[in-house]
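Q: Below: one structure in structure tokens.
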């Protein structure tokens, strides 16, 4: 699951840096904006069946690749 | 009578906040005192116009009924899009009636704060549909939609965030800290609104009205822009400060908007709770739907349509007059251009972090923002009339 998410992120952000640095701040660095954030939510739902509503979490809670992986994992385990 | 204006309001507010401070410093829950104050201020502010009071109460009672019955239906029928659509439409209907009736000079269902209260109710319905909201406490919900500091003009809080604050009692130390920043914001807001905005307003009306040379029009845009900022940021700061003193960590509405380096940055700093509401409940949802339905072959085209839609709706929300709608479209175009430019321009990628580029970008942004305010002010109509008169 972890590699799958990182692959998806790399594809959406168009940058492999997200695979190398899992703690990179996606919003600060401009890797993710409102549009790519949307694409990430759709990709997560399509690939894992995990629905994260756009307003459900604070953006900071999905601010790094690691946090995204953890959010998906905790929802899968529910 | 309105919120946060006139010395009688402030005297009364400060006196009534004293018991809140005592309760807070003792580490007790402020929940019921907040409700009591909300009831008092609604009675006081709306008391002068019984029809407004009546509409407000009908809308509030109707909203409770709506969110409770929608929650019931959501549990029973899951994600049914028709029921969902009906629920959102019902929350929106009074606002639409009010705005449309205004076109013919009417004022059906108009009451102070109607534009803002709708956001809170619709957000609750949408998040119920999402499955994020699983229970709704009537008292907390009423407290949330009618919370007096933010009732008439925001900031627009979110129900789950509010409920969390509403139901917890802060420790005396936590409350002390919140009280400190609350007092600071309240006083700063008063200074902004009562001193700064009044100064800019006086300058505006004395020196820039009825003068239509290009330099005066440009001056009007700037002075009006600063007036708007101090007026609205001042109001918001007073509302946030009062909320803090009452134990609610209301989100901020402004973050140094005139330092923005591009238009996207501007909307993250100006009327933040409004733009993030639109982002979360219109833009993102439209984009997710578009991606699923493969509505656009090019992602940038999709994003541009999404941004145009988002900002045009925001313009319409401000009012159905032409200048508000043009204002929305204007910002939609600017955001779309910014998005395409950021994604496509190698010049941008190469220079975006350089000091000279940021200075230039800031300067361009500031002027685009001020032009936006000029559109928003409705002043351009007079300018066009003056220009036409000169040509004839």
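Residue-wise test of (1) more than 14 Å from chain A (Cβ to nearest Cβ); (2) touching a residue at least 24 places away in the same chain (Cβ under 8 Å); (3) over 21 Å from residue B:53 (Cα atoms); (4) crowded, with 18+ Cβ neighbours inside 10 Å.
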| residue | (1), (2), (3), (4) |
| --- | --- |
| B:91 | yes, yes, no, yes |
| B:101 | yes, no, no, no |
| B:105 | yes, no, no, no |
| B:120 | no, yes, no, yes |
| B:129 | no, yes, yes, yes |
| B:133 | no, yes, yes, yes |
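Q: Residue B:366: part of a helix (DSSP H, G or I) and surrounded by fewer than 18 Cβ atoms within 10 Å (Cβ to Cβ), yes or no?
A: no
Condition check ((1) within 14 Å of chain B (Cβ to nearest Cβ); (2) touching a residue at least 60 places away in the same chain (Cβ under 8 Å); (3) in a loop (DSSP other than H, G, I, E, B); (4) buried (at least 17 other Cβ atoms within 10 Å of the Cβ)) across all residues:
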residue	(1), (2), (3), (4)
A:15	yes, no, yes, no
A:23	no, no, yes, no
A:40	yes, no, no, yes
A:44	yes, no, no, yes
A:53	yes, no, yes, yes
A:66	no, no, no, no
A:72	no, yes, no, yes
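Q: Then there is this: Can you find even one residue in the stretch B:251-260 that is within 13 Å of chain A (Cβ to nearest Cβ) and either buried (at least 17 other Cβ atoms within 10 Å of the Cβ) or at pLDDT 95 or above (or both)?
A: Checked against the condition, which is being within 13 Å of chain A (Cβ to nearest Cβ) and either buried (at least 17 other Cβ atoms within 10 Å of the Cβ) or at pLDDT 95 or above (or both), the stretch B:251-260 yields at least one hit.
Q: Which of the residues that make up the stretch B:276-332 are under 13 Å from residue B:375 (Cβ atoms) and part of a loop (DSSP other than H, G, I, E, B)?
A: B:319, B:321
Q: Sticking with this one: Which count do you get for residues in the stretch B:276-303 that are more than 10 Å from chain A (Cβ to nearest Cβ) and surrounded by 19 or more Cβ atoms within 10 Å (Cβ to Cβ)?
A: 1
The values are calculated or read from the model by the stated rules, or taken from the named source; none is laboratory data. Predicted, not measured: the structure shown is a model, and the values here were computed from it. Here the Cβ is made from the backbone with ideal geometry for all residues, glycine too, and neighbour counts use every protein chain on show.
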